[in-house]
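Worksheet: the structure to be examined is printed underneath.
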Amino acid sequence: MGAIFGKQKNNPQAQVTEHDKAVLQLKLQRDKMRQAIRRYEGNLAKEKEMARELLKQGRKDRALLLLKRKKVQETAMERFVKMMDQIDQMVTDLEVAQMNSEVMDKLKQGNEALKLANEKFSIEEAQKIMEDTQEAAEYQEEISKIVATELSPTEIAEAEDELEALIQEQLPSVPSHNLPEVQKQKQREKESKRVALAAD
């Protein structure tokens, strides 16, 4: 039961590599720095407002202390931003290096597979196979010419008649009676003539 539903331990894609661990650690550190920056940003606004209030109260020394602490936090934020940029660059470099390594592995495998495929036939064998194929195609063409018979003029005429019949089947049938508008026009002309004769 465990073999069916359990994890396969030898699956190479499921294994976490040192590269994966390094990238994860860098991203976790970057996230911690982002949280610290958000925290500092919230504190900076509060401390500036508190310094204003202390100045209104005449506590200049306390306001100066808050502004100094604010400056220290701003400097720390700037350092964190620079470190985050370095971490992002490192993550990108690691991902590119990993991709390059994978591409090189695939190229190596492809090259080895190509060599194995090419070892199956020598150039002479390949040329012989191509010549044999050409000869077989030419032979088949000759047989086809011998077997093929041309149509007689009667058979050609029958085929053309059959085509014409198919075309006629697809064409819509033409009505044999007059269209309603034409009939009404003729009716009016007859009425006009009758009225004109009756008036004479």
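Things worth noting here:
- Hey, residue 153 farther than 30 Å from residue 17 by Cβ, loosely packed, with under 10 Cβ neighbours inside 10 Å and at pLDDT 75 or above or not: yes
- Test: residue in region 78-91 that is surrounded by 12 or more Cβ atoms within 10 Å (Cβ to Cβ) and either outside any helix (DSSP H, G or I) or at positive phi (or both): no
- Residue in region 55-76 that is part of a loop (DSSP other than H, G, I, E, B), charged (D, E, K, R) and farther than 17 Å from residue 28 by Cα present: yes
The values are calculated or read from the model by the stated rules, or taken from the named source; none is laboratory data. Given the structure is predicted, the values throughout are model-derived calculations rather than measurements. Positions of Cβ are generated from backbone atoms using ideal geometry, with glycine treated the same way; all protein chains shown enter the neighbour counts.
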